[in-house]
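Only one structure is covered here, and it is reproduced in the block below.
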Amino acid sequence: MSEAQQNTQNTQTQRDGPRDSIYIGKKPLMAYVTSTLIQLANQPTVTIKARGLSIGRAVDVSQIILKRMENAGYTIGDVRIGSETLQAEDGRTRNVSTIEIEVKKA
């Protein structure tokens, strides 16, 4: 394999990020629930991550998994909240809230 191909492959791996995280965006809610459940079938812990206006949706995803899958024995682990400083398009900086919710197999 050439050096250029190796660099491309390494960049691809770095961009994909960790496989145990679900990043919440604008897709339908059940798409994230399904994705999280698929990850939980393969791994003991999955982290649901969101920022800004998607935080409520991340909480909804975690609660659907807990309430509708009571018999499966999933629990909430650590919940981390914070903020990130982002550069707006007009050049100003602004703070955006973040949340990370850990869902575990019991």
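The values are calculated or read from the model by the stated rules, or taken from the named source; none is laboratory data. Remember, it's a predicted structure, so these values are computed and weren't measured experimentally. Virtual Cβ from ideal backbone geometry, glycine too; neighbours counted across all protein chains shown.
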From the list I55, I101, I48, exactly one residue is touching a Ser or Thr at 6+ places or on another chain (Cβ under 7 Å), in a helix (DSSP H, G or I), surrounded by 11 or more Cβ atoms within 10 Å (Cβ to Cβ) and modelled with pLDDT of 95 or more. Which is it?
I55
Looking at this structure, is A72 among the hydrophobic types (A, V, I, L, M, F, W, C), more than 15 Å from the chain's Cα centre (by Cα), surrounded by 11 or more Cβ atoms within 10 Å (Cβ to Cβ) and modelled with pLDDT under 95?
yes
Pair list, Cβ < 9 Å and 6+ apart or interchain, from segment 53-69 residues that are within 12 Å of E102 (Cα to Cα) to residues that are polar (S, T, N, Q) and loosely packed, with under 13 Cβ neighbours inside 10 Å
L66/T75
Taking segment 32-91 and keeping only residues that are more than 18 Å from K105 (Cβ to Cβ) and in contact with an Asp or Glu (Cβ under 7 Å, 6 or more places away or on another chain), one is left with K49, R51, R80
